[in-house]
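A.B. asks: What follows is a single structure, and I will ask about it in a moment.
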Amino acid sequence: MLLSQAGAQQPTRFAEAATPPPQPTRSARFAEASARAQMPQEPPAGEAAAGTEASAALQPDGTSKTNPSGTPPAAGKAGDKKADEKKEDDKKKVNWAKVPPIFPRHREGWFTIREKGGGYYTLVDEIHGNYSEKAPRYQFGPRSLNSNPYYNYDFRYLEDPKNTDYDWSDAYKRIHFGPDGDFLFSTGGEVRDRYMNQLSGRGTGTNNFFNNFRVRSYGDLWYKDQFRVFAEFMYTDIYDNRLPPVGNDGSGPELQNGFVDAKVGDPFGGPLYVRVGRQELLYGSQRLLSPPDWANTRRTFQGAKAYWANDQWSLDAFWVQPVVTNLDQFDSVNNNQNLFGLWGQYRPREGTSFDFYYLGLAQANTTTNNGDIHTFGSRYCGDVDKHLLFDFEGGVQFGERGTRHALARFATAGLGWRFAEVPWVPHVWIYYDYASGDKDPTGRSGSNRTFNQLFGQRHNYLGYLDLVARQNIHDLNMQISATPTKWLSVIAQYHAFSLDSRRDALYIADGGVLRRDATGRSGTDVGDEIDLLADINLTKHTQLMVGYSKFFGGTFWRRTGNPNNVQLFYTQCSFKW
């Protein structure tokens, strides 16, 4: 089916779903009654008894003593055969309401529980008085930043004939074609631009004003629920930057996702698939594995994974290599790094989950980081009656790093409260984040205890200025969020940073060394940070984000480099379809 045809037929599909079937006219009802009157009626009791005697006259093989040819039973067998064939055809039909299989999305830290009642869910709706009785079902989310991969977007509600929540972009979603409609195609994408105004960018003392620009587009093709081909292309660039670009500033044109899925079976009440190709990975809180959406580029990998889930359990196994961004040439994998692991989750009830995982990272030709690192961790998060919120996660890490044995750990503990009866439904969270540092960075004695943060999300957890990594750090932090209206959400965060080991470094968000005092005389007080953010839903497809952050340097900061505080003002507009 052509896209234009799909677009033209879209309103008709929903109109048909919303319009009740036509009622028969009075003349039609009269004709129906007359036909029924001419049909054979139920026999009287005596005739029914006679019929029973006639049935008893049948021979054991099903033929009649007066009709040895058995013609009526033969007709019955033909009917049974047709019924069996119909059952087989029904088995071959695809329940498109379950394709693709969307597994429950993992809750991030700082999670909120939004009200879903009536209201104006976009600014344009409020201006035009378009009141919604319930939350719309579009997948772009209430916030401008959304780490959820496109291959996990859920438009299956469009298969529901009773659905009344539709949009112009639905014409490009779930297009059925081919024999018996066995093929399904969807497409979509995003255009976004972010203006950044940094004072003393990255703590260098240099003021930096620049733009991050990004375009994404994807195509998703299914054959029944058996095979899938997914491809996503992305173009990213940075303009007017005064500092050396970092890896996530831009990569030019690239293949962000490009994989094939094949269904293996349905063991233990859930589908099992194998995926091969380039793919984003997102698990749990995203503290260790994430395609962070704040970055202009999104992290991706290349390799294979198997994934399975039922109503309460899910389990993934994977082996991949990270893809390295490059502005000058097409992105390729890092052959010196191999990431492999198992990630499982148990969901005892809606909104509550227990994660358990193993992650292995094999590295070579990285000078000081050669060797294998193994991480075992778990997480427990959820809510109690949608008021008390909790999030606990931790892990241990061991292996080899260069010539030293590695032994490190990380931990996170968070408690929150949702004030459901208060206007704006504020959420208040208090967290403590910890990642170990090395007591002797010279390497003369003991194990290397600097935690390796792997490929996780830092921006959302350790300050929007991205000055801090999940390595050698203590962070006591809190967040207050509220929704003054359905189309506006506001967030305020505070962080108090200090080093775990005064002789180890302060690591920037990408894991590199930002500042260090090998003597330890500068102490451990890194500083404090405040982050303010507002998300505005202009339309179903357009989000505006405005934010301000400031870092106040502590003793360590002032003694180890440029002492100026760091500030950032930014605004981002994104259009998604």
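A.B. asks: Is it true that GLY284 is part of a loop (DSSP other than H, G, I, E, B), buried (at least 22 other Cβ atoms within 10 Å of the Cβ) and of a type outside the set (A, V, I, L, M)?
C.D. replies: Judged against the criteria, GLY284 is a match.
A.B. asks: Being within 30 Å of ASP440 (Cβ to Cβ), in contact with an Asp or Glu (Cβ under 9 Å, 6 or more places away or on another chain) and not hydroxyl-bearing (Ser, Thr, Tyr) is true for just one of ASP372, ASP355. Which residue is that?
C.D. replies: Result: ASP372 is the single residue among ASP372, ASP355 that is within 30 Å of ASP440 (Cβ to Cβ), in contact with an Asp or Glu (Cβ under 9 Å, 6 or more places away or on another chain) and not hydroxyl-bearing (Ser, Thr, Tyr).
A.B. asks: A follow-up question, please. Could you please find all residues in segment 143-193 being under 22 Å from SER574 (Cα atoms), touching a helix residue (DSSP H, G or I) at 6+ places or on another chain (Cβ under 9 Å) and among the hydrophobic types (A, V, I, L, M, F, W, C)?
C.D. replies: Within segment 143-193, PHE155, TRP168, ALA171 qualify.
A.B. asks: Filter segment 395-409 down to the residues that are open to solvent by 20 Å² or more (accessible area, probe 1.4 Å) and in contact with a Lys or Arg (Cβ under 7 Å, 6 or more places away or on another chain) and list them by number.
C.D. replies: Across segment 395-409, the qualifying residues are VAL396, LEU407.
A.B. asks: Considering segment 423-463 alone, what residues qualify as being more than 26 Å from GLU400 (Cβ to Cβ), among the aromatic types (Phe, Trp, Tyr) and either open to solvent by 10 Å² or more (accessible area, probe 1.4 Å) or in contact with a His (Cβ under 8 Å, 6 or more places away or on another chain) (or both)?
C.D. replies: Residues satisfying the conditions are TRP424, TYR432.
A.B. asks: Sticking with this structure for a sec: Name, by its number, the condition in (1) open to solvent by 10 Å² or more (accessible area, probe 1.4 Å); (2) more than 23 Å from GLY201 (Cβ to Cβ); (3) touching a residue at least 40 places away in the same chain (Cβ under 8 Å) that does not hold for ASP504.
C.D. replies: (1)
A.B. asks: Any idea which of (1) part of a strand (DSSP E or B); (2) under 20 Å from GLN453 (Cβ atoms) is the one ALA304 doesn't satisfy?
C.D. replies: Evaluating ALA304 over (1) part of a strand (DSSP E or B); (2) under 20 Å from GLN453 (Cβ atoms) leaves (2) as the failure.
A.B. asks: Quick check, is ARG143 open to solvent by 10 Å² or more (accessible area, probe 1.4 Å), at pLDDT below 95 and either farther than 24 Å from MET234 by Cβ or in a strand (DSSP E or B) (or both)?
C.D. replies: Here the answer is no, as ARG143 does not meet what is asked.
A.B. asks: Let me ask something else about it. Among the numbered criteria (1) open to solvent by less than 10 Å² (accessible area, probe 1.4 Å); (2) in contact (Cβ under 8 Å) with a residue 24 or more places away in the chain; (3) part of a strand (DSSP E or B), which one does GLY360 miss?
C.D. replies: (2)
A.B. asks: So, restricting to strands (runs of 3 or more DSSP E) that lie completely within segment 462-577, which ones have at least 2 residues that are charged (D, E, K, R)?
C.D. replies: Result: 525-537.
A.B. asks: Test ARG174 against the criterion of being open to solvent by 10 Å² or more (accessible area, probe 1.4 Å) and more than 30 Å from PHE551 (Cα to Cα), and give yes or no.
C.D. replies: Criteria met by ARG174.
A.B. asks: Against the condition in contact (Cβ under 8 Å) with a residue 60 or more places away in the chain, open to solvent by less than 40 Å² (accessible area, probe 1.4 Å), over 21 Å from GLN567 (Cα atoms) and of a type in the set (Asp, Glu), how does ASP517 come out, does it pass?
C.D. replies: Judged against the criteria, ASP517 is not a match.
A.B. asks: Looking only at residues that are in contact with a Pro (Cβ under 9 Å, 6 or more places away or on another chain) and of a type outside the set (S, T, N, Q) in segment 287-306, which one is most open to solvent (accessible area, probe 1.4 Å)?
C.D. replies: The extreme case among them is ARG299.
A.B. asks: Restricting attention to segment 541-577, report how many residues are farther than 23 Å from ASP475 by Cα, among the charged types (D, E, K, R) and surrounded by fewer than 19 Cβ atoms within 10 Å (Cβ to Cβ). So that I can check it myself, show each step before the final result.
C.D. replies: As a first pass, look at segment 541-577 and keep what is farther than 23 Å from ASP475 by Cα: 541-546, 570-577.
If we keep only those that are among the charged types (D, E, K, R) too, we end up with 576.
Adding the requirement that they be surrounded by fewer than 19 Cβ atoms within 10 Å (Cβ to Cβ) leaves none.
Matching residues across segment 541-577 total 0.
A.B. asks: Could I ask something else about it? How many residues are open to solvent by 50 Å² or more (accessible area, probe 1.4 Å) and free of Cβ contacts under 8 Å to residues at least 60 places away in the same chain if we restrict to segment 223-262?
C.D. replies: Residues that pass the stated criteria total 11.
A.B. asks: Something else about it: Could you identify the single residue in ILE473, ILE480 that is at pLDDT 95 or above, crowded, with 20+ Cβ neighbours inside 10 Å and aliphatic (A, V, I, L, M)?
C.D. replies: ILE473
Rundown of residues vs (1) in contact (Cβ under 8 Å) with a residue 12 or more places away in the chain; (2) touching an Asp or Glu at 6+ places or on another chain (Cβ under 9 Å); (3) aromatic (Phe, Trp, Tyr); (4) closer than 27 Å to PRO104 by Cβ, yes/no style:
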site: GLY351; (1), (2), (3), (4): yes, yes, no, yes
site: TYR380; (1), (2), (3), (4): yes, yes, yes, yes
site: LEU389; (1), (2), (3), (4): yes, yes, no, yes
site: GLY399; (1), (2), (3), (4): yes, yes, no, no
site: ALA406; (1), (2), (3), (4): yes, yes, no, no
site: TRP417; (1), (2), (3), (4): yes, no, yes, yes
site: ILE430; (1), (2), (3), (4): yes, no, no, yes
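A.B. asks: Among the residues in segment 333-356, are any hydroxyl-bearing (Ser, Thr, Tyr), open to solvent by 50 Å² or more (accessible area, probe 1.4 Å) and more than 20 Å from the chain's Cα centre (by Cα)?
C.D. replies: no
A.B. asks: Further question: What single numbered condition from (1) open to solvent by 20 Å² or more (accessible area, probe 1.4 Å); (2) at pLDDT below 95 fails to hold for ASN197?
C.D. replies: (2)
A.B. asks: Restricting segment 263-281 to residues that are among the charged types (D, E, K, R) and more than 30 Å from VAL396 (Cβ to Cβ), which is least open to solvent (accessible area, probe 1.4 Å)?
C.D. replies: ARG278
A.B. asks: While we're on this one: Considering each residue of segment 174-212, count those that are assigned to a strand (DSSP E or B) and either hydroxyl-bearing (Ser, Thr, Tyr) or free of Cβ contacts under 8 Å to residues at least 40 places away in the same chain (or both), and give that number.
C.D. replies: Of all residues in segment 174-212, those assigned to a strand (DSSP E or B) come to 175-177, 183-199, 208-212.
When the remaining residues are screened for being either hydroxyl-bearing (Ser, Thr, Tyr) or free of Cβ contacts under 8 Å to residues at least 40 places away in the same chain (or both), the result is 185-187, 195, 208-211.
Number of matching residues: 8.
A.B. asks: Scanning segment 363-376 for residues that are open to solvent by 10 Å² or more (accessible area, probe 1.4 Å) and either at pLDDT 95 or above or not in a loop (DSSP other than H, G, I, E, B) (or both), which turns out farthest from PHE103 (Cα to Cα)?
C.D. replies: Once the filter is applied, the top-ranked residue is GLY371.
A.B. asks: In segment 98-139, what count of residues is obtained for those that are open to solvent by less than 40 Å² (accessible area, probe 1.4 Å) and touching a Pro at 6+ places or on another chain (Cβ under 8 Å)?
C.D. replies: Selection size over segment 98-139: 2.
A.B. asks: Working only within segment 146-162, note down all residues that are open to solvent by 30 Å² or more (accessible area, probe 1.4 Å) and outside any loop (DSSP other than H, G, I, E, B).
C.D. replies: Within segment 146-162, ASN152, ARG156, GLU159 qualify.
A.B. asks: Before we move on, is ASP220 open to solvent by 10 Å² or more (accessible area, probe 1.4 Å), over 24 Å from MET196 (Cβ atoms) and part of a loop (DSSP other than H, G, I, E, B)?
C.D. replies: No, not satisfied.
The values are calculated or read from the model by the stated rules, or taken from the named source; none is laboratory data. Worth saying up front: this structure is predicted, and the values here are computed from it rather than measured. Reconstructed Cβ throughout: ideal geometry from the backbone, glycine too, with neighbour counts over all protein chains shown. Accessible surface areas use protein heavy atoms only, side chains included; no ligands, DNA or RNA. Shrake-Rupley method; radii C 1.70, N 1.55, O 1.52, S 1.80 Å.
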